[in-house]
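Visitor: Just passing along the structure, written as structure tokens.
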Amino acid sequence: MELGSTVTLTYVGTTDDGEEFGHATKEKPMKFQTGMDMAIDGFEEEILQMNEVGEKRTFTVDQYKAYGEYLDEFIQRIPMEQVPRGHVKPGQRVWMSSSENGVPMPVTCTAIENGIAIFDMNHPLAGKDLTFEVEILEIEPAPENFVSAAEKARHLKEQQKLLGGDQANDYR
């Protein structure tokens, strides 16, 4: 399959212990354009090796090409009086903004101990190898002038350099 193709597929995704974490059916398939960062890297790499409608494949994507390794430093302990709304329960997913960039991200409350809420900022599938059973339903060729997300990012970075966008720190 060529980069930029739009692919429609079914899949069943399972973790190392056999637990299903996701699926797409013929009635509700997954559809995405390759090369646009719309799927995890390892999944897209495997899909790009498939070339025919009806082709089936089972493959495993290691944690580093899926959601990354599980990082202990992504565990935060926050006093309940600092938790907005103050009504979180263990197991609950909530949106939280970091003080670094203020961008909200989903986190999981794993426990509440002695007035302290413990939040896990790792993706729920971090640290896990993921197995996919896939069937290709449709492949649409890439548009004639396809530009991947990576190519767009490189181009924007070069343009920024030309316009002086990356040089601000050099003048301080």
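The values are calculated or read from the model by the stated rules, or taken from the named source; none is laboratory data. Predicted model, so just to flag it, every value in this text is computed and none were measured. Counting neighbours? That spans all protein chains shown, and the Cβs are built from the backbone with ideal geometry, glycine included. Note: accessible area is taken over every heavy atom of the protein model, side chains too, but ligands, DNA and RNA are not part of it. Shrake-Rupley method; radii C 1.70, N 1.55, O 1.52, S 1.80 Å.
Visitor: Please verify whether residue 111 is over 30 Å from residue 30 (Cβ atoms), in contact with a Pro (Cβ under 7 Å, 6 or more places away or on another chain) and open to solvent by less than 30 Å² (accessible area, probe 1.4 Å), treating the condition exactly as stated. Write out each step before concluding.
Guide: Details: over 30 Å from residue 30 (Cβ atoms): yes; in contact with a Pro (Cβ under 7 Å, 6 or more places away or on another chain): yes; open to solvent by less than 30 Å² (accessible area, probe 1.4 Å): yes.
Spelling it out, residue 111 is indeed over 30 Å from residue 30 (Cβ atoms), in contact with a Pro (Cβ under 7 Å, 6 or more places away or on another chain) and open to solvent by less than 30 Å² (accessible area, probe 1.4 Å).
Visitor: Got a sec? Which of 54, 13 is small (Gly, Ala, Ser), modelled with pLDDT of 95 or more and more than 30 Å from residue 145 (Cβ to Cβ)? Give the steps one after another, and end with the answer.
Guide: Details: 54 fails: more than 30 Å from residue 145 (Cβ to Cβ).
None of the other options fit; the residue is 13.
Visitor: Looking only at residues in segment 57-74 that are hydroxyl-bearing (Ser, Thr, Tyr) and outside any helix (DSSP H, G or I), which one is surrounded by the fewest Cβ atoms within 10 Å (Cβ to Cβ)?
Guide: Initial filter on segment 57-74 (hydroxyl-bearing (Ser, Thr, Tyr)): 58, 60, 64, 67, 70.
Now drop any that are not outside any helix (DSSP H, G or I), which leaves 58, 60, 67, 70.
On the way: 58: 12, 60: 14, 67: 18, 70: 15.
The qualifying residue surrounded by the fewest Cβ atoms within 10 Å (Cβ to Cβ) is 58.
Visitor: From the list 147, 94, 107, which residue is of a type in the set (Val, Ile, Thr) and not in a strand (DSSP E or B)?
Guide: Details: 94 fails: not in a strand (DSSP E or B); 107 fails: not in a strand (DSSP E or B).
Of 147, 94, 107, the one residue that is of a type in the set (Val, Ile, Thr) and not in a strand (DSSP E or B) is 147.
Visitor: For the subset of segment 21-31 comprising residues that are part of a strand (DSSP E or B) and farther than 15 Å from residue 61 by Cβ, which member is least open to solvent (accessible area, probe 1.4 Å)?
Guide: From segment 21-31, those part of a strand (DSSP E or B) are 21-24, 30-31; that's our starting set.
Cutting the leftovers down to farther than 15 Å from residue 61 by Cβ gives us 23-24, 31.
On the way: 23: 109, 24: 11, 31: 120 Å².
Only one residue tops the list, namely 24.
Visitor: Consider residue 120 carefully, then state whether it is modelled with pLDDT under 80 and either surrounded by 12 or more Cβ atoms within 10 Å (Cβ to Cβ) or among the acidic types (Asp, Glu) (or both).
Guide: Working: modelled with pLDDT under 80: no; either surrounded by 12 or more Cβ atoms within 10 Å (Cβ to Cβ) or among the acidic types (Asp, Glu) (or both): yes.
Answer is no for this residue.
Visitor: In this structure, does residue 149 turn out to be in contact with a strand residue (DSSP E or B) (Cβ under 9 Å, 6 or more places away or on another chain) and at pLDDT below 90? I'd like the intermediate steps shown before the answer.
Guide: Values: in contact with a strand residue (DSSP E or B) (Cβ under 9 Å, 6 or more places away or on another chain): no; at pLDDT below 90: yes.
Criteria not met by residue 149.
Visitor: Name the single residue, out of those in segment 114-144 being part of a strand (DSSP E or B) and free of Cβ contacts under 8 Å to residues at least 60 places away in the same chain, that is nearest to residue 26 (Cα to Cα). Give the derivation first.
Guide: Step one: list which residues in segment 114-144 are part of a strand (DSSP E or B), which gives 116-120, 130-140.
Then drop every residue that is not free of Cβ contacts under 8 Å to residues at least 60 places away in the same chain, which leaves 116-120.
On the way: 116: 45, 117: 41, 118: 40, 119: 36, 120: 34 Å.
Of everything passing the filter in segment 114-144, 120 is nearest to residue 26 (Cα to Cα).
Visitor: In segment 75-92, which residues are modelled with pLDDT under 90 and open to solvent by 90 Å² or more (accessible area, probe 1.4 Å)?
Guide: Passing the criteria: 81, 82, 84, 85, 87, 89.
Visitor: Something else: Return the residue satisfying two criteria in turn: it lies in segment 1-33 and is free of Cβ contacts under 8 Å to residues at least 12 places away in the same chain and over 18 Å from residue 129 (Cβ atoms), and of such residues it is nearest to the chain's Cα centre (by Cα). Talk me through it step by step, then tell me what you get.
Guide: Going residue by residue through segment 1-33, those that are free of Cβ contacts under 8 Å to residues at least 12 places away in the same chain are 17-20, 22, 27-28.
Filter once more, keeping what is over 18 Å from residue 129 (Cβ atoms): 27-28.
Working: 27: 24, 28: 20 Å.
It comes out as 28.
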